[in-house]
Amino acid sequence: MPWIRLLRENGYKVYAVVSGGAWNDRIEEGGAEFVEWKLSRSGRNPLSEFGSVMGLTRILRRIKPDVVQNFHTKPNIYAPIAAKLAGVPITVSTVTGLGYTFVERPGLGSKIAKRLNLGMYSFANRLTNQVAFQNPDDMELLRDRGGLSDSKGVFITGGSGVDVSEYNPGSRESDESLELRKSLGIAGDAFMVLFVGRLQLDKGLEEFVEAARVLKKKRSDVVFVMVGAPDPGNKRSVSEETLAGWKSEGDVVFTGRREDVPKLMAAANTVAAPTFYREGLPRTLLEASATGLPLIGTDMPGVREAITDGANGILIPTKDSAALVKAVEELADDPEKAQRYGDASLERANNEFDHHRVVGEYMKMYDEFWAARR
């Protein structure tokens, strides 16, 4: 939404072409015109997928945009095709991570999936004007494996950017933060470890819960909080049965989906991202940086763009709950280090992650492509 608001402030009319859902009203309130696109994120039926491309083509022919800016895997593949068929002059794709398909795994199925995705990326990327990346690892991987030509590809730091004015650094001791903690059953002086995101297993949920389980037995001054809900359209979403089991154990505070993430972050001591999913640049870490928090995350593409180990946070190996336990205790037991890391996070948010700078790079790109057409 900050991206949409900033585009509108700079004279753009914005259409949000997305699957229908809970966000429809908020999209309209944010100043974009909502247009529903029927798309299954995990569907693989060729006829349905072809129908999605043609449906998007009809939408683009109707609204006649000057620029199509697309995000995420399926739109990055389908939108350039639809835009070409609809005669859209400028298309820019943003790779917000390569996802689970490109996590190194054994087996023939994984190799086939990678090969198919690379072929589709290669075709779609030839049709788009530019392909922007949120971390250099993804750009290098696609280029090395034939999914991106040498003439395209630009790395834009800061992911999708964050509106730093929406976050509240240094307010952990405020009445509002203490009241929020109290509502969750968390003591005002406890060390609060926060996870925010869709509840899918490849985001490190099992490792987060196991770390909480270990620390709950050792000490009472550390509390793990998980914010988010299962994602039924995702095959790697946590099952309701597993989630119910975790809740019954009582080692983690589960909040479900929340709309007050900036307030939750203001009340937290650190944010953990134990993901082994290939993310572009996790928005959670941008938001935590804007809150001035020390960060904990896995040594993965995207996460490394937000965390410099020993400077503003701690990088840990993937699928390693013991390393997560150690990192949490390191920050909980050294408030000065935690404060130093948090200050460094806030400085990066202001200098690198601010959405004015990030979206400004894209608007400059649009202008350059438009000027080249004259």
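The numbers here are math on the coordinates, done by the rules we state, and not lab data. What you see is a predicted model; the values in this text were computed from it and never measured. Cβ: placed from backbone, ideal geometry, glycine included. Neighbour counts: every protein chain shown.
Couple of notes before you dig in:
- Counting neighbouring beta carbons within 10 Å and listing from fewest to most, the residues Asp150, Asp334 come out as Asp150, Asp334.
- Distance between the C-alpha centres of segment 19-66 and segment 168-184: 39 Å, rounded to the whole angstrom.
- Among [x] 18.6; [y] 19.6; [z] 21.2, the entry derived from the coordinates for mean projected area of the Cα convex hull in nm²: [x]
- With the highest mean first, a sort of the peptides 71-79, 168-176, 296-304 on other beta-carbon atoms found within 10 angstrom per residue produces 296-304, 71-79, 168-176.
- Cα lying deepest toward the dipole's positive end in the chain, options Trp3, Val238, Leu116, charges on Cβ: Leu116
- Gly153 long-range amide H proximity, modeled H, under 5 Å: Val131
- Each peptide among 282-294, 261-273, 362-374 gets the average number of other Cβ atoms lying within 10 Å of its residues, and from highest to lowest they stand as 282-294, 261-273, 362-374.
- Among Met226, Met120, sorting on how many other beta-carbon atoms sit within 10 Å of each Cβ, with the fewest leading, yields Met120, Met226.
- Taking Leu243, Leu178, Leu215, Leu98 and counting other C-beta atoms within 10 Å, the order from fewest to most: Leu178, Leu243, Leu215, Leu98
- Packing rank of 82-90, 130-138, where each peptide gets the mean count of other beta carbons within 10 Å, highest leading: 130-138, 82-90
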